[in-house]
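Presented below is the structure to which this report refers.
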């Protein structure tokens, strides 16, 4: 992380006022939220793996959400988008793992609606007030008898306990190796505001989100448009700035529910309270995104790719993504080989405008290329740096002010073996 | 290759009049060309691997060339581009493997010029008449003492024999596992015209060419602009329509030299003779591109990705490339898993405009999705198809007339292991 402190925008002062708890119980930390996780064998493997999660708020929530930009979208994504556009008071989320309910034709939408309706009945919420999410294998119809039994059981198990918080967070995982939760709190006017979330990641992690779900709850009250602006901005610099394999899924969804239970109400996106809430939400998204990339399928390293001096942010992003998704680069990271030639070549292939004779390249803060010329005297130091589980590759194109930061992973034989079949 | 005959433009009738010899001696089949391949230990490993090739024409040649669009270009690429723009009579090519002479600062251009000058002296050709190419590891200065000795030896070994043809073709290889040559002949007005080529490929095979070199010679006489138009068109549908790992190299170069020795002269790009020559050149490029992709690093399969019915050719290409470069798709090909969900998801992520509910998808000619709905009754047949070493994935977006054909490979654990270090 050598370059981060120097090259990222300075952290807002309010960050210091946040109480951050990683690996927390998650949504059950937020007053007014109850959750549950149950096993209903959606994978039809006869085991008792948790695979269905229910999130419920006692109070009506304002909501914001960001969905995959994949043109091939799962039925629950289409349904949840529609609900978001239509409704203004939401009571929860029902989500399953093990089956994406994508490429399932007309049956897929019927099943997604059934999931939502059963969840609403279980919670005692009005129609159209519960979001629906699915993740897992594409192209198979949901085993609806199991799903229906699972939702009924989940509704009966709802609780605000850490145990159910953990069960819900586990139920949405697929090839993840660990639970992903975080809770952030701050004080305002003598009251405490809580923002907490849970997520799943693993494969297909890339732009415009991945096979990833993130559910965030808060007891702040805020108008939906303010929540949406803050969530969208946060997604751009968290979930959309990580890559494992460059694949974008059919099901990616981030949902934010705000139930107002804290008694603290935000009216607009500016001001002290807005600043605090924005930072808290940002922290939740950053921590979850970091947990997702660090748990990428069969990875051994997380590499921060920091591009500065591009003619614009778009060019900086092109360079970062071309590097972070290059098979040759990722393979060399795995091999702990400081093959900076592949980095320079990927930058050149990205389409970004720059003069190779002005390119500066660093491993952490150690120069590799200075104005396009190798600094071979540093080679022993590069070799040390790339052996770490985490390091920074920094490119300064010296062509302008554009910058982009991407968290990427290496590529291992294990990834290929793991994804040969599903 | 199920779909090819039905979905590619019909082959021109002149194709039947071509005599095609794969794995030929290559350039020495073309009257007026002499070549040689020598070992000068450019890799500095103390072995006698062939690593320097020289191509020489007894007659001055008109030339055309296509170079990498990578912004980070090797010095010899910049030099050869400059020569092409300046000269009008060329006598040959000098090329080395084992060192790309890329990211080598000012020394790189000095060394590339030295290579060219020595080759010109060795051949007895005027200054600026010999192209220079390098391929191999990036970022290390060429061991010029070895290179210079090699060029002198190569000049002394020039011959029109099949043996030297093979040695030259071997000397440009890097991680290739086999020599890549082809010769095509046709008759015109009682005379025979020959077009022959040699190439190297292996890794970094993708758009805008790969770490690939292709040198093509012909005894046709033709104006340089006509040669250039024909070569550029041929590159688009051959070398630029294959992918192994999506990486574009710093050194890619295709050079065509026409020495006129056949006594057959082409004045313009239209007409019967132009049609025959265009087809012969196309065949040489197609065969070499096919050999390159089939010899991709540690691959086990070549998959033809055929996209039709896009709103335009650009959208068809986006879909084909997103599929052909998806790690999840490529891993599933390796695993012989008919995971069409990953194909549909990649298509949706490509940015191309289409309605998923109108998407038709096939393995060879067997329907997988019909108007977006799975045809599960065919599953046993899909499983058979994806076990083959070569098969076709066809997507009809049903949105327009745009089409694109890409030859892609699978991704194996072997690729990752092979590229961990260099």
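Since every read-out is calculated from the coordinates, none of them should be taken as a lab result. The structure presented is a predicted model; accordingly, all values stated were derived computationally and were not measured. All Cβ positions, even for glycine, are placed from backbone atoms using ideal geometry, and neighbour counts span all protein chains on display.
Using label points projected 7 Å from each Cα along Cα→Cβ, tell me how many nm separate residue A:389 and residue B:421, to one decimal.
Output for this residue pair reads 2.2 nm.
Report, as a whole number in µm² per second, the diffusion coefficient that Stokes-Einstein gives for the protein assembly as shown at 10 °C and 1.306 mPa s using the Kirkwood radius over alpha carbon pairs.
On the way: Rh = 28.6 Å.
Reported coefficient: 56 µm²/s.
Would you give the gap between the C-alpha center of the stretch B:370-391 and the C-alpha center of the stretch A:98-158, rounded to a whole Å?
28
Antiparallel DSSP bridges in the stretch B:302-419: what percent, to the nearest 5?
Numbers: 16 of 23 bridges.
Of the beta bridges lying entirely in the stretch B:302-419, close to 70 percent run antiparallel.
Summing -39500 (n - 2.57) over the DSSP H runs of n ≥ 4 in the protein assembly as shown and dividing by its residue number, what mean residue ellipticity at 222 nm do you reach, to the nearest 500 deg cm²/dmol? Could the numbers behind the result be given before it?
Numbers: 24 runs with 280 residues, N = 844.
That comes out to -10000 deg cm²/dmol.
Inside 10 Å of the C-beta atoms of B:139-147, what's the mean count of C-beta atoms belonging to other chains? If you can, show how the numbers build up before the last one.
Details: counts 11, 3, 2, 0, 0, 0, 0, 0, 0.
So the per-residue partner count for this stretch is 2.
With equal scatterers on the alpha carbons only and no solvent term, can you work out the Debye log10 of I(q)/I(0) for the stretch B:39-146 at 0.19, 0.21 1/Å?
-0.94, -1.12
In nm, what does the list of distances from residue A:267 to its counterparts in the other copies look like, shortest first, when each label sits 7 Å along Cα to Cβ?
With the label placed 7 Å along Cα→Cβ, residue A:267 yields 8.4 nm.
So what is Rg over Rh here for the stretch A:86-236, counting just Cα atoms and using Kirkwood for Rh? Walk me through the numbers before you get to the answer.
Working: Rg = 16.2 Å, Rh = 16.9 Å.
My calculation of the ratio gives 0.96.
Taking the Cα-to-Cβ direction at residue A:191 and at residue B:107 and moving 7 Å from each Cα, how far apart do the two end points lie in nm?
Between residue A:191 and residue B:107, the label points sit 6.8 nm apart.
Can you list the distances in nanometres, one decimal and ascending, from the residue B:353 label point to the identical position in each other copy, with the point 7 Å along Cα to Cβ?
2.6
For peptide B:63-76, what's the mean number of Cβ atoms from other chains within 10 Å of each residue's Cβ? If you can, show how the numbers build up before the last one.
On the way: counts 0, 0, 0, 0, 0, 3, 3, 9, 13, 14, 3, 1, 0, 0.
Mean partner-chain Cβ count within 10 Å for B:63-76: 3.
In nm, one decimal, shortest first: how far is the label point of residue A:417 (7 Å from Cα along Cα to beta carbon) from the matching points in the other copies?
Those label-point separations list as 0.9 nm.
Over all directions, how big on average is the projection of the convex hull of the alpha-carbon atoms in the stretch B:307-360, in square nanometres? Before the final figure, lay out the partial values.
Numbers: hull surface 13.9 nm².
Computing the convex hull of the Cα atoms and averaging its projections yields 3.5 nm².
Cα centroids of the stretch A:274-332 and the stretch B:327-369: how far apart, whole angstrom?
Each part reduced to its Cα centre gives a spacing of 27 Å.
Arranged from highest to lowest average of other beta-carbon atoms within 10 Å per residue, in what order do the peptides B:35-44, B:144-153 appear? The partial results should precede the final answer.
Values: B:35-44: 21.9, B:144-153: 18.6.
Descending packing order for the listed peptides: B:35-44, B:144-153.
For the stretch A:302-419, just run the numbers: alpha carbon Rg, then divide by 2.2 N^0.38 Å, N being how many residues it has. Please list the in-between numbers first.
Details: Rg = 13.4 Å, N = 118, 2.2 N^0.38 = 13.5 Å.
Ratio of Cα Rg to 2.2 N^0.38 Å: 1.00.
Using Cα atoms only, what is the angle between the long axis of helix A:340-349 and the major principal axis of chain A, expressed in degrees (0 to 90) to the nearest 10?
70
In nm, to one decimal, how far is the residue B:69 label point from the residue A:370 one, both placed 7 Å along Cα→Cβ?
The two pseudo-label positions are separated by 3.5 nm.
Normalised radius of gyration for chain B, please: alpha carbon Rg relative to 2.2 N^0.38 Å, two decimal places.
Values: Rg = 21.9 Å, N = 422, 2.2 N^0.38 = 21.9 Å.
Expressed relative to 2.2 N^0.38 Å, the Cα Rg reads 1.00.
How far, in whole Å, is the closest Cβ of chain B from the axis that maps B onto A, and which residue does it belong to?
Closest to the axis: B:413, 2.
Taking beta carbons within 10 Å but only from partner chains, what does the mean come to for residues B:323-329? Mind dumping the intermediate values first?
On the way: counts 0, 0, 4, 5, 15, 11, 2.
For this peptide, the per-residue mean of nearby foreign Cβ atoms is 5.
Between residue A:114 and residue A:233, what length in nm is gained on full extension when 0.36 nm per residue of separation is reduced by their alpha carbon distance? Mind showing how you got there, number by number?
Details: separation 119, 0.36 × 119 = 42.84 nm, distance 3.22 nm.
Going from the current span to full extension adds 39.6 nm.
Order the peptides B:355-362, B:406-413, A:290-297 from the highest to the lowest mean number of other Cβ atoms within 10 Å of their residues. Intermediate results must be reported in sequence, preceding the final value.
Values: B:355-362: 18.8, B:406-413: 25.5, A:290-297: 23.1.
Final packing ranking: B:406-413, A:290-297, B:355-362.
Can you give the angle from 0 to 90° between the axis of helix B:144-157 and the longest principal axis of chain B, with both taken from C-alpha atoms, to the nearest 10?
It works out to around 80 degrees.
Would you mind checking the tilt of helix B:313-324 against the longest principal axis of the Cα atoms of chain B, expressed as 0 to 90 degrees and rounded to 10?
Helix B:313-324 and the main axis of chain B meet at about 90 degrees.
What ranking do A:174-181, B:129-136 get when scored by the average of other Cβ atoms within 10 Å per residue, highest first? Before the final figure, lay out the partial values.
On the way: A:174-181: 20.1, B:129-136: 26.8.
The peptides rank, most packed first, as B:129-136, A:174-181.
May I ask you to sort A:315, A:252 by Cβ crowding, counting other Cβ atoms within 10 Å and putting the fewest first? Walk me through the numbers on the way to the answer.
Values: A:315 23, A:252 29.
Result, fewest neighbours first: A:315, A:252.
By DSSP, what percent of the beta bridges with both residues in chain B are antiparallel, rounded to the nearest 5?
Details: 54 of 78 bridges.
Bridges in chain B that DSSP calls antiparallel: roughly 70 percent.
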